[in-house]
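Colleague: Below is a structure I'd like to ask you about.
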Amino acid sequence: MGPKIVQFHEVVKNKDLVSRDASFLWHPYTQHRSSDDPLCVASAKGAYLYDGEGKAYLDMISSWWVNIHGHGRTELAAAISRQVLNLDHVHFAGVTHEPAVALAEKLVKLSGLGDGTRLFYSDNGSTAVEVALKICHQYWRNRGQHRPRIMTFRGGYHGDTLGAMTVGESSGFFDAFRSWMFEVDNLEVPHTWRGASVRDEESACIRAFKEKLGNISGDVAALIVEPLIQGAAGMRFHSPKFLSEICRLARSAGIPVVFDEVMTGFFRTGTLFAYMQTDVLPDLVCLSKGITGGILPLGATLVKGEYFSAFLGDSFSEALAHGHSFTGNPITCAAALASLDLLEKGGAASVVGRISSQLADGIEKLERRFPIEKTRVLGGIGAFELKGKSGDYAAGGGRPLARYCQDHGVLLRPLGNVVYMMPPYCVLPEDLELAFAVLEDYFSGHGIS
């Protein structure tokens, strides 16, 4: 069951660690009064995590969607080790260095966004989105226009900083902060799954979008969407054709298009970026999560040249007044370069294709036997919904399943009643067979059929 455990430090027993954790830590997205004890992870290798007592857990969510190559990759470790001994950190205002320039060159070229495209570094997915929103807002200000509104898809999630929360306000996670938010127009988006026919719904949503554009397009600073898959909303899929048409209409109204590829980037959907499956080249692209292979935090915002040019002027007031202490950190850039090298040498598209086929087969078999519905797979992401369970995130409809799977060595983290799988690309066929065997045992053992 997984590779042999490799321990590099003294093992901390689980019970002791849980007790110390409870005394000092506050975990993200956790109601501490009712939550289960945290899983104590002592080490990791490949597709597996190991607790302090040596038990293995198949990481079927890539440690919150970031770890694309698997844990403990020596190539990534060597890259950051070399870099930390050469140049560990330097501020990025008025300073540059080879890892930051080389990574920007590579990402701009791979993006296909065209000559003049620039890259702005930040710290994570939320800040990559925050940067994009500020660029779009100030772009219009620098041109003498006041455009206070942002358009987005209903149910989208874009991060936890203020601007990112605002464009994700319909996700349901941020009701406590509504009084802080600016004006957002949420567009309806038809969700699709295997066997679904949503042509009529797509046509209706497109007509509604056209009507809305006719009324407010001059007030809209940008359209921001998660392309093809809305992640935290419950791995909701929408079609490339629908997305392409919405973006074409936005562009025709002079509205910049921002794609939040924080989750979908780096072959998660089967292509390097999800927009490569559409007819759209976005104006700005937000990247993070898998950018460093999932081992260090880094955010990046790609921006077409025409938007960068709007910030050139004789006054600092026209510049983008945004930055972070660790903007363009050399170590994180070195990790990202090594990760891109692994993607290229490892034939990521082919590997994700193999994972996609196995996810589709496994989920289809579950659907034939057990009460699940709305099954869907795109690239290395597979999902299904539990019939008869609340879709509300807080209701935790998938928690019993997650507990059972964790007890049996498979790590899942359902979103309400949505069970999803997003393994690292190193996952083996026998690893995926284990995951589906545990799921089958759960449904069978609980009399769910």
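The values are calculated or read from the model by the stated rules, or taken from the named source; none is laboratory data. Since we're looking at a predicted model, the values are computed, not measured. Backbone-built Cβ (ideal geometry, glycine too); neighbour counts: all protein chains shown.
Colleague: Looking only at region 244-281, count how many residues are in a loop (DSSP other than H, G, I, E, B) and without any contact (Cβ under 8 Å) to a residue 12 or more places away in the chain.
Modeller: Just the residues of region 244-281 that are in a loop (DSSP other than H, G, I, E, B), to begin with: 253-256, 261-273, 278-281.
When the remaining residues are screened for being without any contact (Cβ under 8 Å) to a residue 12 or more places away in the chain, the result is none.
Residues meeting the conditions: 0.
Colleague: Look at region 288-322 and say how many of its residues are touching a His at 6+ places or on another chain (Cβ under 9 Å) and at negative phi. Give the derivation first.
Modeller: Keep residues of region 288-322 that are touching a His at 6+ places or on another chain (Cβ under 9 Å), which gives 290, 293-295, 299.
Now narrow it down to the ones that are at negative phi: 290, 295, 299.
Adding up the residues that qualify gives 3.
Colleague: Tally up the residues in region 136-163 that are assigned to a helix (DSSP H, G or I), farther than 21 Å from Ile246 by Cα and not aromatic (Phe, Trp, Tyr), please.
Modeller: So the answer is 5.
Colleague: So, restricting to strands (runs of 3 or more DSSP E) that lie completely within region 288-400, which ones have at least 1 residues that are within 26 Å of Glu430 (Cα to Cα) and in contact (Cβ under 8 Å) with a residue 24 or more places away in the chain?
Modeller: Working: elements: 299-303, 372-378, 381-386.
Those strands (runs of 3 or more DSSP E) span 372-378, 381-386.
Colleague: Going by what's in this entry, would Leu110 be described as surrounded by fewer than 22 Cβ atoms within 10 Å (Cβ to Cβ) and free of Cβ contacts under 8 Å to residues at least 12 places away in the same chain? Give the steps one after another, and end with the answer.
Modeller: Details: surrounded by fewer than 22 Cβ atoms within 10 Å (Cβ to Cβ): yes; free of Cβ contacts under 8 Å to residues at least 12 places away in the same chain: no.
In short, no.
Colleague: Taking only region 1-54 into account, find how many residues are at pLDDT below 95, under 29 Å from Asp160 (Cα atoms) and aromatic (Phe, Trp, Tyr).
Modeller: Total satisfying the criteria: 1.
Colleague: Quick one: which residue in Ala196, Ala204, Ala132, Ala128 is closer than 30 Å to Gly382 by Cα and not in a helix (DSSP H, G or I)? Walk me through it before giving the result.
Modeller: Numbers: Ala204 fails: not in a helix (DSSP H, G or I); Ala132 fails: not in a helix (DSSP H, G or I); Ala128 fails: not in a helix (DSSP H, G or I).
Ala196 is the lone residue from the list that is closer than 30 Å to Gly382 by Cα and not in a helix (DSSP H, G or I).
Colleague: Further question: Which of (1) surrounded by fewer than 18 Cβ atoms within 10 Å (Cβ to Cβ); (2) over 24 Å from Val351 (Cα atoms); (3) of a type in the set (D, E, K, R) is the odd one out, the single condition Glu430 does not satisfy?
Modeller: (2)
Colleague: Answer yes or no as to whether Leu284 is more than 22 Å from Gly70 (Cα to Cα), surrounded by 24 or more Cβ atoms within 10 Å (Cβ to Cβ) and in contact (Cβ under 8 Å) with a residue 12 or more places away in the chain.
Modeller: Working: more than 22 Å from Gly70 (Cα to Cα): yes; surrounded by 24 or more Cβ atoms within 10 Å (Cβ to Cβ): yes; in contact (Cβ under 8 Å) with a residue 12 or more places away in the chain: yes.
Here the answer is yes, as Leu284 does meet what is asked.
Colleague: Can you find even one residue in region 241-252 that is within 15 Å of the chain's Cα centre (by Cα) and crowded, with 19+ Cβ neighbours inside 10 Å? Break it down into steps so the answer makes sense when it comes.
Modeller: Within region 241-252, the first condition is being within 15 Å of the chain's Cα centre (by Cα), and the residues that meet it are none.
No, region 241-252 contains no residue that is within 15 Å of the chain's Cα centre (by Cα) and crowded, with 19+ Cβ neighbours inside 10 Å.
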